[in-house]
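Working notes, structure below.
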Amino acid sequence: MVNFIIFCCLAVMIVVMSILAVTAKKILRAATYLLFVLIGTAGLYLLLNYHFLAAVQVSVYAGGIVVLFIFAIFLTSNKGEMVETHNIRRIIYGVLTSVAGIALAGFVLLKHRFLYSGNATVEGDTEINMKMIGTALMGTEKYQYLLPFEVLSVLLLACIIGGILIARKK
Amino acid sequence: MFDFSIVTAWIDHFLRTYLDEGWALLVEFVLVGLVILTVYAVLALLLIYIERKICAFFQCRIGPNRVGPWGVFQSVADMVKILLKEIIKIDRADPLLFRIASFLVIIASICTFGAIPFDPALHAVNFNMGVFYLLAVSSLGVIGILLAGWSSNNKYTMIGAMRSGAQLISYELSCGLSLMSIVVLAGSMQLSEIVNQQAEMWFIFKGHIPACIAFLIYLIAGHAETNRGPFDLPEAESELTAGYHTEYSGIQFGFFYLAEYLNMFIIAAIASTMFLGGWMPLHIVGWEAFNGVMDMIPPVVWFFGKTFFCVFLALWIRWSFPRLRIDQLLSLEWKVLMPLALINILFMALCVM
């Protein structure tokens with residue numbers, strides 16, 4: 001019951017802030033609303049007792065990516081600049097894309113059989129230990145993720161080299 | 001040895017005899033929140049008084065001495081003044097972001113404050129990934145500073161915010177890395193577990209040289225995180241009037257001011273928890289009588305003693321060194337502190353193995 005109330009508060013916050021983020025006229029305000037959406041998502045993870053993912057959400061998305069967005073806005077846009085209004089064609093395309101996205105997400109959600117859905121007695125809400133996450137991330141056995149982890153770091157390295165290449169511009 | 005578990009257990013028992021479990025929990029949550037906010041405000045007053053007195057002694061002055069004996073009520077009087085001040089409306093500022101900014105800064109600070117273990121029983125937020133939580137939540141404050149600088153419609157606040165953003169993002173790295181070397185030593189990220197492991201010996205002694213290096217790096221980087229001392233470029237008053245909070249007035253400025261002082265306290269508290277044993281008394285293996293005497297001192301006294309020692313170090317540095325230039329500041333972080341912290345983690349891992 002309490003969980004349901006908290007979930008409703010978070011859901012309303014996320015939905016309202018998402019709509020505000022898309023419709024805001026000033027781009028920095030849009031970034032701020034996006035920050036609240038991301039914090040609300042972290043709240044959902046906390047509600048699921050997945051504390052590690054909540055902290056990752058806050059530190060990577062809220063503390064890292066939104067700060068990058070704000071820096072990019074500072075460096076590129078003029079003060080008081082409004083977002084230009086879109087023409088009808090772009091709005092229609094946008095609506096179509098979002099409907100398709102909702103349909104896809106809804107299809108997956110309704111089709112997928114969740115692990116504990118048929119068996120409500122299983123305790124799904126115990127806090128996941130940091131050690132478990134660490135060994136799963138760094139292990140080489142079945143259901144452990146060392147290889148994807150390292151491949152991701154190659155991707156990041158490529159991004160860094162690309163950034164340096166663009167910034168040098170000789 | 002007195003600790004607060006007696007008090008908290010009594011309150012819990014008292015509430016449960018009169019209320020259902022759910023309502024008792026709700027009352028306890030509200031109580032915990034109120035206590036944290038009150039302690040936050042009272043500590044801010046205390047820290048402002050301490051800072052003014054110590055600053056005065058460093059400069060061979062007397063400091064506040066009119067309100068109450070030795071001026072102890074000076075910061076209370078200042079608080080009343082700041083609460084009654086008018087909040088000035090800024091022309092062509094973005095009013096929404098202008099307000100949100102001050103709240104973001106203080107909320108990030110309070111969230112971090114809640115996770116500090118003051119005592120075995122006085123520990124509100126005790127997650128499995130406690131250290132990570134501290135780093136994650138404290139990184140929200142920089143957004144507040146950036147928004148404050150942008151929304152005030154002023155060149156100086158803008159420059160201050162940009163400097164602050166660059167500074168905080170860079171120094172967060174070596175802050176996190178130096179804490180990670182202690183996590184390697186402890187094998188846990190939970191703050192209560194980290195404190196309990198220091199029962200025999202504090203980590204700064206147990207971890208040999210790597211722990212000492214990590215402590216130094218953390219003190220420097222943490223001090224830079226608070227925007228104070230030789231690292232106060234974001235609000236360098238001789239060049240930028242007051243940096244990112246130039247345009248703020250009344251209690252909105254008060255929020256920035258409170259958060260600044262409490263961030264200093266939080267950095268000192270984390271340093272004392274991770275390196276100096278938090279509320280754990282000083283124990284030396286084999287000296288039973290000595291350990292017994294040390295156990296007589298309550299944990300809260302140990303905690304605040306160590307924390308105020310670290311606060312004193314921060315004030316000492318602040319009033320002794322001249323301000324750095326922004327390029328010196330960033331090269332100190334990227335060329336000295338961060339490589340040192342990375343190598344230090346490696347050494348710590350070797351020590352632990």
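If you check B:Ser164, B:Ser174, B:Ser181, which single one turns out to be touching a residue at least 24 places away in the same chain (Cβ under 8 Å), within 14 Å of chain A (Cβ to nearest Cβ), crowded, with 22+ Cβ neighbours inside 10 Å and out of contact with any Ser or Thr (no Cβ under 8 Å at 6 or more places or on another chain)?
Answer to the selection: B:Ser164.
Taking into account only those residues within segment B:155-197 that are more than 19 Å from the chain's Cα centre (by Cα) and not in a helix (DSSP H, G or I), which is farthest from B:Leu350 (Cα to Cα)?
Out of the qualifying residues, it is B:Gln197.
Quick one: would you say A:Ala55 is under 30 Å from B:Gln190 (Cβ atoms), free of Cβ contacts under 8 Å to residues at least 40 places away in the same chain and either within 14 Å of chain B (Cβ to nearest Cβ) or touching an Asp or Glu at 6+ places or on another chain (Cβ under 8 Å) (or both)? Reasoning before the result, please.
Values: under 30 Å from B:Gln190 (Cβ atoms): yes; free of Cβ contacts under 8 Å to residues at least 40 places away in the same chain: yes; either within 14 Å of chain B (Cβ to nearest Cβ) or touching an Asp or Glu at 6+ places or on another chain (Cβ under 8 Å) (or both): yes.
Judged against the criteria, A:Ala55 is a match.
Let me confirm something: among B:Ile220, B:Ile284, which residue is at pLDDT below 85 and among the β-branched types (Val, Ile, Thr)?
Values: B:Ile220 fails: at pLDDT below 85.
None of the others qualify; the one that does is B:Ile284.
Restricting attention to segment B:56-73, does a residue exist that is under 30 Å from A:Ile70 (Cα atoms), under 28 Å from the mean Cα position of the chain (by Cα) and of a type in the set (Phe, Trp, Tyr)?
no
Quick check: anything in segment B:333-352 of a type in the set (D, E, K, R), in contact with a Phe, Trp or Tyr (Cβ under 8 Å, 6 or more places away or on another chain) and touching a residue at least 40 places away in the same chain (Cβ under 8 Å)?
yes
Looking at segment B:128-154, which of its residues are under 25 Å from B:Met180 (Cα atoms) and assigned to a helix (DSSP H, G or I)?
The answer is B:Gly130, B:Val131, B:Phe132, B:Tyr133, B:Leu134, B:Leu135, B:Ala136, B:Val137, B:Ser138, B:Gly141, B:Val142, B:Ile143.
Any residue at all in segment B:135-152 that is more than 10 Å from chain A (Cβ to nearest Cβ), over 19 Å from B:Phe255 (Cα atoms) and touching a Ser or Thr at 6+ places or on another chain (Cβ under 8 Å)?
No; the residues of segment B:135-152 include none that is more than 10 Å from chain A (Cβ to nearest Cβ), over 19 Å from B:Phe255 (Cα atoms) and touching a Ser or Thr at 6+ places or on another chain (Cβ under 8 Å).
Would it be correct to say that B:Phe253 is surrounded by fewer than 13 Cβ atoms within 10 Å (Cβ to Cβ), under 30 Å from B:Val76 (Cα atoms) and under 23 Å from the mean Cα position of the chain (by Cα)?
Judged against the criteria, B:Phe253 is not a match.
Provide a single number: the residues in segment B:221-239 that are part of a helix (DSSP H, G or I) and buried (at least 21 other Cβ atoms within 10 Å of the Cβ).
Residues in segment B:221-239 being part of a helix (DSSP H, G or I) and buried (at least 21 other Cβ atoms within 10 Å of the Cβ): 9 in total.
So, in segment A:1-32, of the ones that are among the hydroxyl-bearing types (Ser, Thr, Tyr) and surrounded by fewer than 18 Cβ atoms within 10 Å (Cβ to Cβ), which residue ends up farthest from the other protein chains (Cβ to nearest Cβ)?
For segment A:1-32, the residue satisfying everything is A:Ser18.
Taking segment B:114-127, which residues are farther than 18 Å from A:Val60 by Cβ and either not acidic (Asp, Glu) or not in a loop (DSSP other than H, G, I, E, B) (or both)? So that I can check it myself, show each step before the final result.
As a first pass, look at segment B:114-127 and keep what is farther than 18 Å from A:Val60 by Cβ: B:114-126.
Residues satisfying the conditions are B:Gly114, B:Ala115, B:Ile116, B:Pro117, B:Phe118, B:Pro120, B:Ala121, B:Leu122, B:His123, B:Ala124, B:Val125, B:Asn126.
Any chance segment B:278-293 includes a residue that's under 27 Å from B:Ile107 (Cα atoms) and either buried (at least 24 other Cβ atoms within 10 Å of the Cβ) or touching a residue at least 24 places away in the same chain (Cβ under 8 Å) (or both)?
yes
Tell me the residue from B:Thr157, B:Thr112 that is under 28 Å from A:Thr76 (Cβ atoms) and either modelled with pLDDT of 85 or more or more than 10 Å from chain A (Cβ to nearest Cβ) (or both), please.
Every option except B:Thr157 fails the conditions.
Taking segment B:309-327 as the region of interest, how many residues are surrounded by fewer than 18 Cβ atoms within 10 Å (Cβ to Cβ) and part of a helix (DSSP H, G or I)?
Of the residues in segment B:309-327, 7 are surrounded by fewer than 18 Cβ atoms within 10 Å (Cβ to Cβ) and part of a helix (DSSP H, G or I).
Can you tell me how many residues within segment B:71-96 are buried (at least 20 other Cβ atoms within 10 Å of the Cβ), in contact (Cβ under 8 Å) with a residue 40 or more places away in the chain and assigned to a helix (DSSP H, G or I)?
0
Can you give me the number of residues within segment A:34-50 that are more than 10 Å from chain B (Cβ to nearest Cβ) and part of a helix (DSSP H, G or I)?
Residues that pass the stated criteria total 9.
Restrict the check to segment A:46-61 and report whether at least one residue is at pLDDT 85 or above and more than 19 Å from A:Ile133 (Cβ to Cβ).
Scanning segment A:46-61 turns up no residue that is at pLDDT 85 or above and more than 19 Å from A:Ile133 (Cβ to Cβ).
Any residue at all in segment A:81-93 that is β-branched (Val, Ile, Thr), surrounded by fewer than 14 Cβ atoms within 10 Å (Cβ to Cβ) and under 26 Å from B:Ala101 (Cα atoms)? Reasoning before the result, please.
Start the filter on segment A:81-93 by keeping residues that are β-branched (Val, Ile, Thr), which leaves A:83, A:85, A:88, A:91-92.
Then keep just the ones that are surrounded by fewer than 14 Cβ atoms within 10 Å (Cβ to Cβ); that gives A:83, A:85, A:88, A:91-92.
Applying the additional criterion that residues be under 26 Å from B:Ala101 (Cα atoms) yields A:83.
The answer is yes, given that some residue of segment A:81-93 is β-branched (Val, Ile, Thr), surrounded by fewer than 14 Cβ atoms within 10 Å (Cβ to Cβ) and under 26 Å from B:Ala101 (Cα atoms).
Here's a check for you: in segment B:1-38, which residue that is surrounded by 14 or more Cβ atoms within 10 Å (Cβ to Cβ) and within 30 Å of B:Gly68 (Cβ to Cβ) is farthest from the chain's Cα centre (by Cα)?
Among residues in segment B:1-38 that are surrounded by 14 or more Cβ atoms within 10 Å (Cβ to Cβ) and within 30 Å of B:Gly68 (Cβ to Cβ), the one farthest from the chain's Cα centre (by Cα) is B:Phe4.
The values are calculated or read from the model by the stated rules, or taken from the named source; none is laboratory data. What you see is a predicted model; the values in this text were computed from it and never measured. Every residue, glycine among them, receives a Cβ derived from its backbone with ideal geometry; neighbour counts consider all protein chains shown.
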